[in-house]
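Enquirer: Input: one structure, supplied below.
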Amino acid sequence: MSTVRRPLIIGNWKMNLGLNQSIGLAKELKNLVASIYAGPETAVCPSFPHLLAVRQILEGSVIGVGAQDLAPQKPGAYTGAVCAEQLSELELRFALLGHSERRQFFGETDMDVAEKIRAAFRVGLVPVLCFGETLEQREAGSTEEVVVRQVGAAIEGLESQALATLVLAYEPIWAIGTGHSAEVADAQDVHRLVRGLLQEAAGEESAQTTRILYGGSVNSSNVGGYLAAEDIDGALVGGASLDPDEFVKILCYQDHT
Ligand code: PEP
């Protein structure tokens, strides 16, 4: 973590909660964070049908709200899809894009993800580009190749300003939801590689501004180790973000290292 980049911790609630559960979790987080907070930038990403309710509950709190995906098309006849323009009316801050579950279960390609990133920028949403290798790719020694391909396709043609605003999240797929988090040194190596790609694309100044999060079985016990690494600027948290006490402990990571 550098002093020029404000740490960012995002909770991804995935498709886990019903409406009342999302409302309850948002209310608990708001109460817990109100009294103790002086930490990283933070946001939570509920399911589409819960976004408005959660955003309204978190109004005036330090916790922002993001979407878990978006459709890249402009408003029109696309049954079942939710576009960036519709999300921007909800005054969200972030959109998670290219999460491995979207790539794995919904067939998203690098080109789809690149289009979604541009759609997010079109309306002023901050895209959070998720990328990372499978266990097979890791064991085959192709982590670097996969990361360069995924990140390269997503950032191609983006201007320096966009690259400085973009958030990236390195999420090795084998670490997501498994309890097997990556070694800090291994994650740092990938983050440094990605910062190098950003530097080639946009120059040193822009690359030093871009936040690169780590995601994959982050909890209150291991978050401090990641945040201490030079190029790890925050965390994308899945399972542990569903427990308000645990998520707030993660936000207060300095006290728990
Ligand atoms: C995720 O899916 O983005 C994630 C990091 O999940 P978990 O924290 O549960 O591994």
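Enquirer: Order of 159-170, 226-237 by packing, highest average Cβ count within 10 Å first? List each step's numbers first, then the result.
Expert: Working: 159-170: 20.4, 226-237: 22.8.
Per-residue mean Cβ counts within 10 Å order the peptides as 226-237, 159-170.
Enquirer: Can you pull the Rg over Rh of the stretch 42-131, Cα-only, Kirkwood?
Expert: Here the Rg-to-Rh quotient is 0.95.
Enquirer: While we're looking at this one, here's another question. Treat every Asp and Glu Cβ in the stretch 1-139 as -1 and every Lys and Arg Cβ as +1, leave all other atoms uncharged, and give the resulting dipole magnitude about the Cα centre to the nearest 20 debye.
Expert: The dipole of the stretch 1-139 has a size of about 360 debye.
Enquirer: Compute log10 of I(q)/I(0) for the stretch 174-214 with the Debye formula, placing one identical point scatterer on every Cα and leaving out solvent, at q = 0.17 Å⁻¹, to two decimals.
Expert: Cα-only, vacuum Debye calculation for the stretch 174-214: -0.52.
Enquirer: Please report the Cα spread of the stretch 1-93 along all three principal axes, rounded to whole Å, starting with the longest.
Expert: The Cα atoms of the stretch 1-93 stretch 45, 35, 22 Å along their principal axes.
Enquirer: For the stretch 1-156, what is the accessible area per residue in Å², given a 1.4 Å probe and the full set of protein chains?
Expert: Heavy-atom accessible area per residue stands at 48 Å².
Enquirer: Take the alpha carbon atoms of the stretch 209-236, find their center, do the same for the stretch 126-154, and report the distance between the two centers in whole angstrom.
Expert: 17
Enquirer: What's the lysine pair count for the chain at a Cα cut-off below 22 Å, pairs eight or more apart or interchain?
Expert: Lysine pair count for the chain: 7.
Enquirer: Highest mean first, how do 127-139, 76-88, 104-116 rank when packing is the count of other Cβ atoms within 10 Å averaged over residues? Don't jump to the answer; show the numbers that get you there.
Expert: Details: 127-139: 21.2, 76-88: 13.8, 104-116: 15.5.
Descending mean neighbour count gives 127-139, 104-116, 76-88.
Enquirer: A further question on this structure: In whole Hz, with x marking every Gly and Pro, tabulate ³J(HN,Hα) for the stretch 189-196 from phi via Karplus 6.51 cos²θ - 1.76 cosθ + 1.60, θ = phi - 60°.
Expert: 4, 5, 4, 5, 4, 5, 5, x
Enquirer: Here's something else I'd like to know. Once every DSSP H run of n ≥ 4 in the chain is given -39500 (n - 2.57) and the sum is divided by its residues, what mean residue ellipticity at 222 nm do you get, rounded to the nearest 500 deg cm²/dmol? Provide the component values of the computation, followed by the final result.
Expert: Details: 12 runs with 113 residues, N = 257.
One gets -12500 deg cm²/dmol as the mean residue ellipticity at 222 nm.
Enquirer: Let me ask something else about it. Give the carbon-plus-sulfur fraction of the accessible surface of the chain in %, rounded to a whole number; probe 1.4 Å, heavy atoms of protein chains only.
Expert: About 50 percent, which is the carbon plus sulfur part of the accessible surface.
Enquirer: Please list the equivalent ellipsoid semi-axes of the stretch 167-257, computed as the square roots of five times the alpha-carbon gyration tensor eigenvalues, in descending order and whole angstrom.
Expert: Over the Cα atoms of the stretch 167-257, the ellipsoid semi-axes are 24, 14, 11 Å.
Enquirer: Still on this structure: In Å, the Kirkwood hydrodynamic radius of the stretch 8-256 over pairs of distinct alpha carbons?
Expert: Roughly 18.1 Å, rounded to one decimal.
Enquirer: Here is a follow-up. I'd like the distance between the alpha-carbon centres of the stretch 64-92 and the stretch 191-206, rounded to an integer number of Å.
Expert: Between the Cα centre of the stretch 64-92 and that of the stretch 191-206, the gap is 29 Å.
Enquirer: Within a Cβ distance under 15 Å of F121, other residues only, what is the Lys/Arg minus Asp/Glu net charge?
Expert: Value of the local net charge: +1.
Enquirer: Still on this structure: With an 8 Å cut-off on Cα pairs and a minimum separation of 6 or more residues, tell me the relative contact order of the chain in percent.
Expert: On the way: 501 pairs, mean separation 56.1, N = 257.
Dividing the mean separation by the residue count of the chain yields 22 percent.
The values are calculated or read from the model by the stated rules, or taken from the named source; none is laboratory data. Just so you know, these numbers come straight off a predicted model, no measurement behind them. Positions of Cβ are backbone-derived with ideal geometry, glycine not excepted, and every protein chain shown enters the neighbour counts. The protein model used for the area step is the full one, side chains on, heavy atoms only, and it has no ligands, DNA or RNA in it. Shrake-Rupley method; radii C 1.70, N 1.55, O 1.52, S 1.80 Å.
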